[in-house]
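Worksheet for the structure shown next.
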Amino acid sequence: MENAATAATAARTVPAVIVAIDGPSGTGKSSTSRAVAEQMGLSYLDTGAQYRAMTWWMVHNGVDVSDPAAVAAVVDKPEIVSGTDPSAPTITVDGVDVSGPIRTPEVTAKVSAVSAVPEVRARITGLQRALAAAAAQGIVVEGRDIGTTVLPDADLKVFLTASPEARAARRSGELKGADVHTTREALIKRDAADSTRKASPLAKAGDAVEVDTTELTLLQVIECVVTLVEEKRAAK
Ligand SMILES: Nc1ncnc2c1ncn2[C@@H]1O[C@H](COP(=O)(O)OP(=O)(O)O)[C@@H](O)[C@H]1O
Ligand SMILES: Nc1ccn([C@@H]2O[C@H](COP(=O)(O)OP(=O)(O)O)[C@@H](O)[C@H]2O)c(=O)n1
């Protein structure tokens, strides 16, 4: 009992810290954010998974994702729930585990169109802010517009970059030998769509720390972000 009470007191004395990590695909956002959250006892939210879950639901229900009005009309229907434990993140739609289906090439090819619809962004941004507000110890939230729009008052903002070649090599490694050239072209196309949309595009916040991960190992990137979070915590 005494240990539990001491731990609870210690936990209460560490100020909650909100960390926003943005950047294009394959820069290391998910791996870095998860590891930093685990090491520092923070919650973790993969916002790309939420946009993918919305897209999966649209595809599953035969919604024409190239028609923004059709997408906007049904945006409130799916119940999207994210589990924020970094050691076992979860994502469900209407109670169904969609962690596998949201990673199919079909969903990946359609997610930029769905995430460009302002009504989709408004709904998902609301979910994200509620999860961040509920995280007692703080949270690492990763995506495309976290530092600019979702959590503009975050304690720390990091913008990860890497060359298209490095990003494509990492992604095709994951997709069990998918052709690097095709993966590179698909990444560049998605970056362009995400960066040029009107509603909350992929962008570096003015006060974000930019980290080019091209020549860094994942461990080096994690270490760098942990140090930045520790500095912010110490200054609180
Ligand atoms: N600095 C790095 N060096 C080498 N591989 C990396 C690095 N960062 C991430 N990876 C690997 O690249 C892949 C994509 O990383 P991920 O974290 O999913 O990126 P993102 O969330 O930005 O799309 C993963 O397989 C991951 O292990
Ligand atoms: N905050 C966010 C996060 C993702 N997204 C959208 O969701 C898509 C998938 O994000 P993701 O993080 O899963 O992508 P990957 O890095 O896994 O390739 C992106 O290409 C964006 O279209 C967004 O619009 N805003």
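The values are calculated or read from the model by the stated rules, or taken from the named source; none is laboratory data. These numbers were taken from a predicted model, which means no experiment stands behind them. Reconstructed Cβ throughout: ideal geometry from the backbone, glycine too, with neighbour counts over all protein chains shown.
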Could you check, for segment 112-121, whether at least one of its residues is modelled with pLDDT of 95 or more, within 15 Å of ligand 1 (Cβ to nearest atom), farther than 24 Å from W57 by Cα and buried (at least 22 other Cβ atoms within 10 Å of the Cβ)? no
From the option list G62, G41, single residue qualifying as more than 15 Å from the chain's Cα centre (by Cα), away from ligand 1 (no atom under 14 Å from the Cβ), surrounded by fewer than 24 Cβ atoms within 10 Å (Cβ to Cβ) and without any contact (Cβ under 8 Å) to a residue 40 or more places away in the chain is G62
Which one of the conditions (1) of a type outside the set (V, I, T); (2) without any contact (Cβ under 8 Å) to a residue 60 or more places away in the chain; (3) within 13 Å of ligand 2 (Cβ to nearest atom) does D46 fail to meet, given that it meets all the rest? (2)
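Being among the acidic types (D, E), farther than 20 Å from E142 by Cα and more than 10 Å from ligand 2 (Cβ to nearest atom) narrows it down to one of E215, E210, so name that one.
The match here is E215.
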Out of all the residues in segment 173-180, is one or more at pLDDT below 95, part of a helix (DSSP H, G or I), within 14 Å of ligand 1 (Cβ to nearest atom) and closer than 22 Å to D194 by Cα? yes
Consider A192 against the criteria (1) more than 13 Å from ligand 2 (Cβ to nearest atom); (2) among the hydrophobic types (A, V, I, L, M, F, W, C); (3) free of Cβ contacts under 8 Å to residues at least 40 places away in the same chain: it satisfies all of them except one. Which criterion is unmet? (1)
Looking for something under 15 Å from the mean Cα position of the chain (by Cα), surrounded by fewer than 23 Cβ atoms within 10 Å (Cβ to Cβ) and either under 17 Å from L187 (Cβ atoms) or not acidic (D, E) (or both) - is there at least one such residue anywhere in segment 164-175? no
Subset of segment 133-164 that is among the hydroxyl-bearing types (S, T, Y) and not in a strand (DSSP E or B) - its residue that is farthest from L218 (Cα to Cα): T149
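Go through the residues of segment 5-17 one by one and say whether even a single one is surrounded by fewer than 23 Cβ atoms within 10 Å (Cβ to Cβ), at pLDDT 95 or above and within 19 Å of D191 (Cα to Cα). Before you say what the answer is, go through the steps one by one.
Narrowing segment 5-17 to residues surrounded by fewer than 23 Cβ atoms within 10 Å (Cβ to Cβ): 5-17.
Of the ones still in play, those that are also at pLDDT 95 or above are 17.
From the residues that got through so far, the ones that are within 19 Å of D191 (Cα to Cα) too are none.
No, the conditions are met nowhere in segment 5-17.
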Output for segment 182-219, where each listed residue is more than 16 Å from the chain's Cα centre (by Cα), surrounded by fewer than 14 Cβ atoms within 10 Å (Cβ to Cβ) and part of a helix (DSSP H, G or I): T182, E185, K189, A192, T196, L218, L219
